[in-house]
Amino acid sequence: MANAAIKLTNLAKSYRRHDAVKHLNLEVRQGELFGFLGPNGAGKTTTIKMLTGLLEPTSGSAAINGIDIWENPLNAKEKLAYVPDQPNLYPKLTGWDYLEFVASVFRIPNDQFQSQANELLKIFSLSEQANDLIESYSHGMKQKIAICGALISDPDVLFMDEPTVGLDPKSARTLKNLLRKLCDNGMTVFLSTHILEIAEQMCDRVGIIFEGDIIALGTMDELKASDGTDQSLEDIFLELTGGEDQQAMISEISDNGDAK
Ligand SMILES: Nc1ncnc2c1ncn2[C@@H]1O[C@H](COP(=O)(O)OP(=O)(O)OP(=O)(O)O)[C@@H](O)[C@H]1O
């Protein structure tokens, strides 16, 4: 792929004897909105942490815009932003102070910071709370200020772990529309989600990880074609990750229960 914004080469992580992520090879191109799906414990967060320089791989490599995140961390980290599922914010800062702090780390000129911060706060309906302490924010507001903080540096590549969890429907829609627009303008987004509907509606391509391996990769049309049916992503996901068997067992148990 000519313009791989994210490249994983044999990327692996073992925790003691447990192989959490097994030799992943994947390229995500510039401007792509990529959905990373998998059941609990499949290895999504472990992979994202390795890609963002937070967790050292056991073997293999990861590159952001061609820059190896572990060999050249500062240069690679200049290009990326990460919104974890549980953002660690500074409770004694106001939302505005937090954005200003992030902007100072990325050496963003003040006039650019001011206009970008105001625009992002407006998009996420946080303008009125910008001068309140983050400790007074609700969970969803914290999630939104973390997203604003990630976008303030105008990253080339944005990683998000479960970005819509905790957001109300309006904010989730705002985020979906914004991500689509940012990708159309050249940003690359790599997001993990359990919400298959989100992946189905908004992602250009999805990868399904199961027990540390990527077991399916492609556009929705490609996944459906490889399956030979016109199933929903949920059906394909459950079929591939064994959830279908569990569903059948649950039905059987409840049927037996009903019969008694
Ligand atoms: N610090 C750790 N020490 C030991 N094992 C870990 C550690 N972190 C994760 N694991 C294990 O690695 C595997 C992958 O975990 P990971 O958190 O990457 O999964 P996930 O796909 O993000 O799951 P979820 O959807 O539940 O957040 C799991 O089996 C988990 O128990």
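Every number here is computed from the coordinates shown, using simple stated rules; none is lab data. None of the values given here were measured: they were computed from a predicted structure. Please note: Cβ atoms are built from the backbone with ideal geometry, for glycine as well, and neighbour counts cover all protein chains shown.
Structure summary
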{"read-out": "Cα shape, segment 31-149, gyration tensor, a/c 1.5 rule", "value": "prolate"}
{"read-out": "Under 5 Å, built H, 5+ apart or other chain: amide partners of L55", "value": "M50"}
{"read-out": "Residue of R16, R173, R205 that the Gaussian network model of the chain assigns the largest fluctuation, springs spanning Cα pairs under 10 Å", "value": "R16"}
{"read-out": "Nearest-ten-degree value, helix 110-123 long axis tilted from longest Cα axis of the chain", "value": "40 degrees"}
{"read-out": "Nearest-20 debye value, segment 118-239 charge dipole, Cβ charges on Lys, Arg, Asp, Glu", "value": "620 debye"}
{"read-out": "Fully extended contour minus Cα-Cα distance, from S104 to Q231, at 0.36 nm per residue", "value": "40.9 nm"}
{"read-out": "Dipole magnitude of segment 86-154, debye to nearest 20 (Cβ charges: Lys/Arg +1, Asp/Glu -1, about Cα centre)", "value": "180 debye"}
{"read-out": "Dipole axis of the chain (+1 Lys, Arg; -1 Asp, Glu on Cβ), positive-most option in M202, L126, T45", "value": "L126"}
{"read-out": "Whole-Hz couplings from phi, Karplus 6.51/-1.76/1.60, listed for segment 211-220; x for Gly and Pro", "value": "6, x, 10, 7, 9, 7, 8, x, 6, 4"}
{"read-out": "Label-point separation, K181 to T9 (7 Å along Cα→Cβ), nm", "value": "3.7 nm"}
{"read-out": "Check: the chain dipole with +1 on Lys, Arg Cβ and -1 on Asp, Glu Cβ, in debye", "value": "860 debye"}
{"read-out": "Of all DSSP beta bridges in the chain, antiparallel share, percent nearest 5", "value": "55 percent"}
{"read-out": "Distance from segment 112-173 to segment 54-111 (C-alpha centre basis), Å", "value": "15 Å"}
{"read-out": "Nearby lysines by direct alpha-carbon distance to K144 (threshold 24 angstrom, same-chain neighbours under 8 apart not counted)", "value": "K44, K49, K77, K79, K92, K122, K170, K176, K181"}
{"read-out": "Value of [θ]222 nm, deg cm²/dmol, for the chain, DSSP H segments ≥ 4, -39500 (n - 2.57) each, nearest 500", "value": "-12500 deg cm²/dmol"}
{"read-out": "Rounded, prolate or oblate (a/c below 1.5 giving rounded, otherwise prolate when a/b exceeds b/c) for segment 93-165 by Cα gyration tensor", "value": "oblate"}
{"read-out": "Counting DSSP beta bridges with both ends in segment 143-252, the antiparallel % (nearest 5)", "value": "50 percent"}
